[in-house]
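Undergrad: Encoded as structure tokens, here's the structure I'll be asking about.
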Amino acid sequence: MNGRDSSEEPENTEIETPAPIDEKTDGSESGEKRKREEREEQEEKKQHPLYAHSEEELRIRPDNTWDPTSERGKKLLKSENGEKKKGTSFNTAKKKKGMTVGFVSFETVQQMRAATEELDGKSIGNKNLKVVDVIPRTFEKKNEPAAPVRQGTESALANDNGEDGFDYAVNHEPEVGGSVSKTRSSCEVVTPLAHMSYAYQLEHKKSSLIQLLKKLTRNARKACPNGISLPEWIINSKEIGGLPFKLEGIIESPLFNGYRNKCEFSVGLSVQGKPIVGFMLGNFREGVTAVEEPTGCPNVSQIACKYASIFQEFLQSSGLPVWNRFSNTGFWRQLTVCEGKAPGKSVEIENMAANISEVMLIIQDHKGISNVAPSDAPLRPLAIPKVELEVAKEVTVDAVEPRIHDYINNLWFCNRLFSRLGHIAISYHFAVNTLAAEKLYTLAGNWADLGPDTLLFDICSGTETIGLLCWHGKTGGFLPYSLFTMIQYFRVVGIEMNASAVLDAQQNAEINGINNCRFVCGKAEDVMSSILKEFLGVPRKREEDSNASETHEIEKIDTKAKKCSTENSLEPEGVVYREDGKERPSGSENDIKEMESPSPVIKALRTHSRLRRLVYISCNPESLVANAIELCTPSYEKSEEGNKNNRGWRNMSSAGLARHRVKSMPISEPFRPVKAMAVDLFPRTQHCELVMLLER
Ligand SMILES: C[S@@+](CC[C@H](N)C(=O)[O-])C[C@H]1O[C@@H](n2cnc3c(N)ncnc32)[C@H](O)[C@@H]1O
């Protein structure tokens, strides 16, 4: 949401890079094949509706944003014309070159100049140290406000040998307070598609997804082992423009504005140096620390804006300073506002505030140096006055349990900020757009096609919204309670690493009268394989599969917020918590090894032959496609060892990496991608959820 909430709305900016050297054109048959594929890729890119064939064309886009003289227009033109996206994102440039960056603050300009002279150009090993300004080139003077207030004196040290997208002039005047120049509004940062009509936003998302889905076919075809016939879905893709199937469409969000039920506001200084509760106008790496009020951001609700403004007013008189991201000093850091929908009445779309029955506020005042308090920071539930309706009557003050409820498709869900031994799990497990999430869950339930014998594994289940809603949707919730216990309709196994979410899931099952659920607390990568063995037995060999009758095991996998905080130290009662005690590999050799081999979860899903259907939901369609490549490509008769010294891995796209991981996938029956549908949970941003059905 504010640039840090990447777990919910990840950026889909990965650039597909060429294959490693050992695969390049060499005049051989495979070289020719590669050349042909590259030509096809180029052709596909040109079919993209936003592909600009000429500068003139850039001016006539319906949303009028692709003016080639604008920064955005220039970037688009550059990237679409094939001049690799160099400099479009500092982050990418850094990643590609393996550059290391350090930030140094000085008290005076003199000190900074002396240090710059001393350090600039120094060699460290085979690398040169470069001193650069933290203000990126795109932040031109003309964009600066009349009286910019800068944050002390800051330089970045970079040890790379190439371009980095920064200006070289190091000339910051030390000034008190504030932040760096403002270039974009909070609306542009948080909701970059806000200027487009909703219909055009949906078209834009659909076209991006179509390009992405073509990667699935293209990479699975490239990865298909020699001598094995191509799967039918790849052969048929030729008739539908290279797609694995036709994209079913994109489901609209019922709300375009104020749809977020949770907002994380940063506390900081405005361009003018005033304490503000709102959104950062860029990121620290780009030298941007200014914060702007959220009032112009259409996805923020009126309620959230109201609380941000109340808190901001309070800050003026609090006597404690706000967090200063340059000097790492200050007290107030973040305000999170969560809203819970009221049960039992039809939703008033025109007046969303009327549907909200609860609001939970989380305020961070932590002293460490990271932007956000760690998940083990102490939790202090505040005393809330219980105000009687008749004002004159007694007012009692009491501490309440910090939690929020939401009411989704007629079921109640609770998300507590779990506090144990004074520690908090600040993890929020609800989808941020409740009304659109209802549509997402209904779709997932329909595609799962649950039957009485189905065993449903809900991986990364959070508070078990999906599993419980599927169950409820299937039974209609109308079976009398006594029948629940008699009919084993189908069973749900939730797998979730956050113990407080598992406790909530248990409670949610109870309060909704759903009894045939089991919850496993653990990281899916650690427990998946043993859970499948426990519930489904040891996987059969491939020969046995051909005789196997259709079974009904469903897998739901949700890779949304892989970064949600962990609270594994809690062991909830009645929940199986497992850990294999394995050390996670680290270091470059091991990292490469990890990149080369399929993840334990994908491997477990693929190799357990009794899993026949998979409904994969992801707010990161790029990683969904990468996993689908691994799940759907025929396996190699003999798994191939990767080249351990191949540095090309580092620069490969997720789809390219997946293609290579297929080679070490154990022999197993591949899935077939059947259909996909997008659900727009994040109007006015680049992001949306993608649901894909895979079967075998
Ligand atoms: C955004 S929530 C989604 C919850 C739920 N599926 C829903 O749609 O409401 C993602 C959940 O995945 C969990 N998670 C992330 N990585 C995981 C992992 N490696 N193993 C198990 N759970 C994980 C997080 O703790 C979080 O609860």
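Undergrad: Which one is surrounded by the fewest Cβ atoms within 10 Å (Cβ to Cβ), of the residues in region 323-340 that are farther than 23 Å from Arg260 by Cβ and touching a strand residue (DSSP E or B) at 6+ places or on another chain (Cβ under 8 Å)?
TA: Top of the filtered list is Ser327.
Undergrad: Given (1) under 23 Å from Leu681 (Cβ atoms); (2) buried (at least 19 other Cβ atoms within 10 Å of the Cβ), identify the lone condition not met by Ala220.
TA: So Ala220 meets the others, but not (1).
Undergrad: With Ile310, Ile276, Ile250 as the choices, which residue is outside any loop (DSSP other than H, G, I, E, B) and either closer than 21 Å to Glu348 by Cα or under 25 Å from the mean Cα position of the chain (by Cα) (or both)?
TA: Ile250
Undergrad: Please go through (1) at pLDDT below 65; (2) within 22 Å of the chain's Cα centre (by Cα) for Gly422 and return the number of the only condition it doesn't satisfy.
TA: Every condition holds for Gly422 apart from (2).
Undergrad: Here is a follow-up. Can you say whether Leu212 is surrounded by fewer than 20 Cβ atoms within 10 Å (Cβ to Cβ) and aliphatic (A, V, I, L, M), as far as the supplied structure shows?
TA: Here the answer is yes, as Leu212 does meet what is asked.
Undergrad: To continue, here is another question. Whether any residue in region 341-352 is at pLDDT 85 or above and surrounded by 15 or more Cβ atoms within 10 Å (Cβ to Cβ) is what I want to check.
TA: No.
Undergrad: Give region 263-279 a look and list any residue that's more than 17 Å from Leu320 (Cβ to Cβ), surrounded by fewer than 24 Cβ atoms within 10 Å (Cβ to Cβ) and modelled with pLDDT of 90 or more, or say none.
TA: Glu264, Ser270, listed by residue number.
Undergrad: Further question on the same structure: Which one is farthest from Ala499 (Cα to Cα) among residues in region 509-527 that are of a type in the set (Gly, Ala, Ser) and within 30 Å of the chain's Cα centre (by Cα)?
TA: Ala509
Undergrad: Still on this structure, I have one more. Just give me the residues in region 510-535 being of a type in the set (A, V, I, L, M) and away from the ligand (no atom under 14 Å from the Cβ), in sequence order. Before you say what the answer is, go through the steps one by one.
TA: So the first thing to find is which residues in region 510-535 are of a type in the set (A, V, I, L, M), and the list is 511, 514, 520, 524, 527-528, 531-532.
Ile511, Ile514, Leu532 - these are the residues of region 510-535 that are of a type in the set (A, V, I, L, M) and away from the ligand (no atom under 14 Å from the Cβ).
Undergrad: If you scan region 94-123, which residues turn out to be surrounded by fewer than 16 Cβ atoms within 10 Å (Cβ to Cβ), modelled with pLDDT under 70 and in a helix (DSSP H, G or I)?
TA: Lys95, the sole residue that qualifies.
Yes/no matrix, rows are residues, columns are (1) within 15 Å of Ala676 (Cα to Cα); (2) touching a Pro at 6+ places or on another chain (Cβ under 7 Å); (3) in contact (Cβ under 8 Å) with a residue 60 or more places away in the chain:
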| position | (1), (2), (3) |
| --- | --- |
| Gln201 | no, yes, yes |
| His204 | no, no, yes |
| Leu230 | no, no, no |
| Asn236 | no, no, no |
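Undergrad: List the strands (runs of 3 or more DSSP E) that sit entirely inside region 465-574 and contain at least 1 residues that are more than 21 Å from Phe430 (Cβ to Cβ), modelled with pLDDT under 85 and among the acidic types (Asp, Glu).
TA: 553-558
Undergrad: Related question: With Glu144, Glu232, Glu173, Glu163 as the choices, which residue is modelled with pLDDT of 85 or more and charged (D, E, K, R)?
TA: Glu232
Undergrad: Within region 578-630, how many residues turn out to be at pLDDT below 65 and farther than 23 Å from Val538 by Cα?
TA: Of the residues in region 578-630, the ones at pLDDT below 65 are 578-594.
Imposing the further condition that a residue be farther than 23 Å from Val538 by Cα reduces the set to 583-594.
The number of residues fulfilling the criteria is 12.
The values are calculated or read from the model by the stated rules, or taken from the named source; none is laboratory data. None of these values were measured; they are calculated from a predicted model. So basically every Cβ, Gly included, is an ideal-geometry build from the backbone, and we count neighbours across all protein chains shown.
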